[in-house]
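Structure first, commentary second.
Nothing in this text is a laboratory measurement; each read-out follows from the coordinates by a stated rule. This is a predicted model, so every value here is computed, not measured. Positions of Cβ are generated from backbone atoms using ideal geometry, with glycine treated the same way; all protein chains shown enter the neighbour counts.
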Amino acid sequence: MTLVDLLGTAAATLTTGCFVPQVVRLWRTRNAEGISLVTFAAFAVGVALWLAYGVILRAWPIILSNAITLVLAFAIIVLTLRFRRHL
């Protein structure tokens, strides 16, 4: 594995993995206060575009990391809609 591959793997792991604690927290606490749906919706669209870019390039690291991130972003959106407390 080259240095560039290691760099890309580290970046993909960190940026994808950082959403796991948010999903776990939402699921455990069932509290979505403080989660911005607009931000996560825009983020999900951006990730979907990165995924499309990866598919066009046939770049599996881009495809895999963005597919996982998109699933996590959608999970956050769905859990936020489900657990949001109406004031």
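Name the pairs whose Cβ atoms lie under 6 Å apart, with the first residue in the range 62-83 and over 14 Å from Thr13 (Cα atoms), the second small (Gly, Ala, Ser), and 6 or more positions between them or separate chains?
Ala73/Ala44; Thr80/Ala32; Phe83/Ala32
Would you check which residues across the range 28-41 are part of a loop (DSSP other than H, G, I, E, B) and without any contact (Cβ under 8 Å) to a residue 12 or more places away in the chain and list them?
Quick first cut of the range 28-41, residues part of a loop (DSSP other than H, G, I, E, B) only: 30-36.
Answer for the range 28-41, where residues must be part of a loop (DSSP other than H, G, I, E, B) and without any contact (Cβ under 8 Å) to a residue 12 or more places away in the chain: Gly34, Ser36.
Which of the residues belonging to the range 10-26 are surrounded by 13 or more Cβ atoms within 10 Å (Cβ to Cβ) and either out of contact with any helix residue (DSSP H, G or I) (no Cβ under 7 Å at 6 or more places or on another chain) or assigned to a helix (DSSP H, G or I) (or both)? Reasoning before the result, please.
Taking the range 10-26 and keeping what is surrounded by 13 or more Cβ atoms within 10 Å (Cβ to Cβ), we get 12, 15-17, 19, 22-23, 25-26.
Ala12, Thr15, Thr16, Gly17, Gln22, Val23, Arg25, Leu26 - these are the residues of the range 10-26 that are surrounded by 13 or more Cβ atoms within 10 Å (Cβ to Cβ) and either out of contact with any helix residue (DSSP H, G or I) (no Cβ under 7 Å at 6 or more places or on another chain) or assigned to a helix (DSSP H, G or I) (or both).
Kindly establish whether Leu57 is among the aliphatic types (A, V, I, L, M), surrounded by 17 or more Cβ atoms within 10 Å (Cβ to Cβ) and free of Cβ contacts under 8 Å to residues at least 40 places away in the same chain. Walk me through how you get there before you give the answer.
On the way: among the aliphatic types (A, V, I, L, M): yes; surrounded by 17 or more Cβ atoms within 10 Å (Cβ to Cβ): no; free of Cβ contacts under 8 Å to residues at least 40 places away in the same chain: yes.
Considered against the rule, which asks whether it is among the aliphatic types (A, V, I, L, M), surrounded by 17 or more Cβ atoms within 10 Å (Cβ to Cβ) and free of Cβ contacts under 8 Å to residues at least 40 places away in the same chain, Leu57 comes out as no.
Within the range 27-49, restricting attention to residues that are among the hydrophobic types (A, V, I, L, M, F, W, C) and more than 26 Å from Trp60 (Cβ to Cβ), which residue is surrounded by the fewest Cβ atoms within 10 Å (Cβ to Cβ)?
Initially, the range 27-49 is screened for residues among the hydrophobic types (A, V, I, L, M, F, W, C), giving 27, 32, 35, 37-38, 40-45, 47-49.
Still in the running and more than 26 Å from Trp60 (Cβ to Cβ): 27, 32, 35, 37-38, 41.
Values: Trp27: 12, Ala32: 18, Ile35: 18, Leu37: 13, Val38: 7, Ala41: 14.
Across the range 27-49, the extreme among qualifying residues is Val38.
Restricting to the range 42-87, count the residues that are hydroxyl-bearing (Ser, Thr, Tyr) and not in a helix (DSSP H, G or I). Give the derivation first.
Let us first name the residues in the range 42-87 that are hydroxyl-bearing (Ser, Thr, Tyr), namely 53, 65, 69, 80.
Next, from what is left, pick out any that are not in a helix (DSSP H, G or I): none.
The number of residues fulfilling the criteria is 0.
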